[in-house]
Structures are given as C-alpha cells and as structure tokens.
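Values in this text are rule-based calculations from the coordinates and carry no lab data. The model shown is predicted, which means the values in this text are computed figures rather than measured ones. We place every Cβ from the backbone using ideal geometry, glycine too, and count neighbours over all the protein chains shown.
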Amino acid sequence: MTLAVSFLAFNNSSAPYLEDFLSSLEKTLRNLDFNVCILAGDNSSDDFRLNELQINEFFSDLPYHFEYIRFGKNLGFARAYNKLIRRAKDLKVEYFLMLNPDMIFDENLIATLFYELKAKPELASVCPKIFYWDFNKKMKTNILDSCGIILKTGLRFSDLGQGQEDLGYYDNSKILGPSGAVALFRMSALEKIKIAGQYFDERFFMYKEDCDLAYRLSNHGYTSMLVPQATAYHDRSLSLKKGLRARIIDWKSRSKWQRVWSFKGQHIIFIKHWSKENFFSKIIIILELVIYFIFSLLFANFLLKAYTNKLKINGID
C-alpha cells in the first residue's frame, strides 16, 4: 500500500463536521492514481455511536481499503495516532497522512502533497497552506491558520502566519515541521525516530505532540517543507487580533482541560529537550518557566497540579 489517509473522531467534537469533511476528502481521493487505505480512529466513548455510523456508511460503497477502529474511550491524540501508524506499518504503507476532521480541502490536496514528498527524499514531512474556515457560515477565508510549525529561541513553537491575511509572504519559508491538523509523513522517517515503540510521545495527551515530533525529526537530520500549492481550511478558534490582551482572551476561551494539557505539554518539551539547547535558549526557557509559574499562582491555580505530579516526565526522551 502506498499511502494511508488517517483521521480521528471524538464524540460531538467531530460529529458536526463529518458531512463536510468526508465529502471534501472523497473529492481529493478521486484525483489519486495510486493505492490508498483509509484508517479512521474513534476516540469516542462506547455510548456515542454517531461518528461510527456516519463514517462506516460513507465509506461502505467507496473503492478503498477502509478500516474503522473504535478505541472505546479517549486515548488522546498521540496514543490514538500511534495505533493508526502501527496499523499502517502492518499494511506496509510508505506514506502516512494525518487529517483533522474539522476541515475541508482543495481537490488536489493529497496528490500535491504526495508527489512533493515523494520527489524529495531528504524530506520527512510536508504540509499545505491552511486557512481559517468559518464553519458556522460555511465560508472560506484568506486568513492563515498555519503554514507549518516554526521554532523560536527558548523552545517556543508557533504556527507560521497564524491570524494573518495570506499575501504569499510565507510561501518559501523554512519550517520545522507540519501542524498536526494536516501532515504527510514518510513512514521510514517515523520509524527512525520512534522510541519505545512510540512515534508520538504519549505523555502528550493533546497539544504540543506535533511540535515534539517535528523537533525530534529535525534533530535526526530530517527536514520538512510547506507546499503552498496545496490548500486546506480549518475551523479553529482563531483570534484575529494581536497582542497580549487578545492572547489572554483566547486562552480563557479554552476549556479547563485544554488549558491544562497545553500547559503540561509545553513543560514536558522544556524538560525533554533542555539539554539540546544552547546557553541563550536555556536562559529564555528559565524566564518562561518563571512567568508560567507566577501566572499559574496568581490567575490559574488549577495548573499548579501539573507540578505536583512531576509532569509525568519519566518515559521516552
């Protein structure tokens, strides 16, 4: 099998999007002239069957190798995707594509990404230009969601161009790796960097696991690339305003558990990769840790529990 196309569903988080997502996915699959398999993982609870019914019904009459894998509970992003990657390995897949279900795509998305990655063996991964999609209004925008992950001093990761109007400024920019929203990987590269059987570090339940994977691939000498000719549209909670106030409002709009996992993920990254950073970067990390702690102490006491359980750092590096 040449390519595995994968996605995860989770309760009502994905159910409202599936009709648009699956229809868009089917259109981009039509443009492929090589073998593909579809691997759908479901993190929904056992009593929630809407995703399962929609997904199985949609693929029942399509000419693709399709597997629906119900996990029975929420395994988190990293652990669930590791299971899908292992299944792709069993099927002897060469390339692995991850897609968020809260998205729609350009009809040539998969083909464009695939042929770019195939033609450049030095690349471990590629990503498209992702725009913000207003799902409620069914409206595509010209506002960027991500042109890939970039790394700043102090192990600070961000989505390139996020919240900005697309004027083509980032089309030739270097990136560390793809956003987990849409990412095409070379399976042989993923095999090289896995540790203790894990591709994504499963200590990241959600948030920052794509940053950690991109960092590890880069440290192994692999590169990634933005393919601006490939486009996707993502319904993410995206603040178009800039500045500290906008960031605080955006942070407060997230659920409590989302804030906890984002907080933990960043701290795990600090501790995992501290030794690989230079002196100046370590100074920035120390300052960030102090700011995180003071902020938690004054405004978000619930985050302090992440320190008391030692962030569950013991495990893979």
Problem - Net dipole in debye of the chain [+1 Lys, Arg Cβ; -1 Asp, Glu Cβ; about Cα centre; nearest 20] - result: 1440 debye
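Count the net charge of all other residues whose Cβ sits under 15 Å from the Cβ of Thr112, scoring Lys and Arg as +1 and Asp and Glu as -1. If you can, show how the numbers build up before the last one.
Numbers: positive: Lys27, Arg30, Lys118, Lys120, Lys129; negative: Asp33, Asp106, Glu107, Glu116, Asp171.
For residues surrounding Thr112, the net value is 0.
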Exercise for the section: Net charge near Tyr17: determine it from the other residues with C-beta under 9 Å of the C-beta of Tyr17, scoring Lys and Arg +1 and Asp and Glu -1. Expected result: -4
Problem - CD proxy at 222 nm, helix term only [per DSSP H run n ≥ 4: -39500 (n - 2.57); per residue of the chain; nearest 500] - result: -11500 deg cm²/dmol
Fill in the blank from the handout: Loop-resident trypsin sites (Lys or Arg not before Pro) in segment 91-148 with no more than 15 other Cβ atoms inside 10 Å, DSSP not H/G/I/E/B, are Lys92, Lys137, Lys138
Practice task
Could you work out how far helix 77-90 tilts from the main Cα principal axis of the chain, as a 0 to 90 degree angle to the nearest 10?
Solution key: 40 degrees
Fill in the blank from the handout: Once the in-chain neighbours fewer than 8 apart are removed, the aspartates and glutamates whose Cα is under 14 Å from Lys276 read Asp212, Asp317
Exercise for the section: Determine, for Ser146, Ser158, the number of other Cβ atoms within 10 Å of each Cβ, and report the residues in order from fewest to most. Expected result: Ser158, Ser146
Completion exercise
Footprinting proxy, Cys211, Cys37, Cys127: sorted fewest to most Cβ within 10 Å, the residues are Cys37, Cys211, Cys127
Practice task
Give a residue-ordered list of calculated ³J(HN,Hα) values for segment 190-207 (Karplus: 6.51 cos²θ - 1.76 cosθ + 1.60, θ = phi - 60°; whole Hz; x for Gly, Pro).
Solution key: 4, 5, 5, 9, 5, 9, 6, x, 10, 8, 7, 5, 6, 6, 8, 4, 7, 6
Problem - Rounded tilt (10° steps) of 209-219 against the dominant C-alpha axis of the chain - result: 90 degrees
Practice task
Enter the angle in degrees (range 0 to 90, nearest 10) between the Cα long axis of helix 18-29 and the first principal axis of the Cα atoms of the chain, meaning the one along which they spread out most.
Solution key: 60 degrees
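Which of Asp90, Asp159, Asp47, Asp145 has the fewest other C-beta atoms within 10 Å, and how do the rest follow up to the most? Intermediate results must be reported in sequence, preceding the final value.
On the way: Asp90 9, Asp159 21, Asp47 6, Asp145 24.
Fewest-to-most Cβ neighbours within 10 Å comes out as Asp47, Asp90, Asp159, Asp145.
Please tell me the relative contact order of the chain in percent, rounded to the nearest whole number, where contacts are Cα pairs under 8 Å and at least six residues apart.
Numbers: 574 pairs, mean separation 58.9, N = 317.
Relative contact order comes out at 19 percent.
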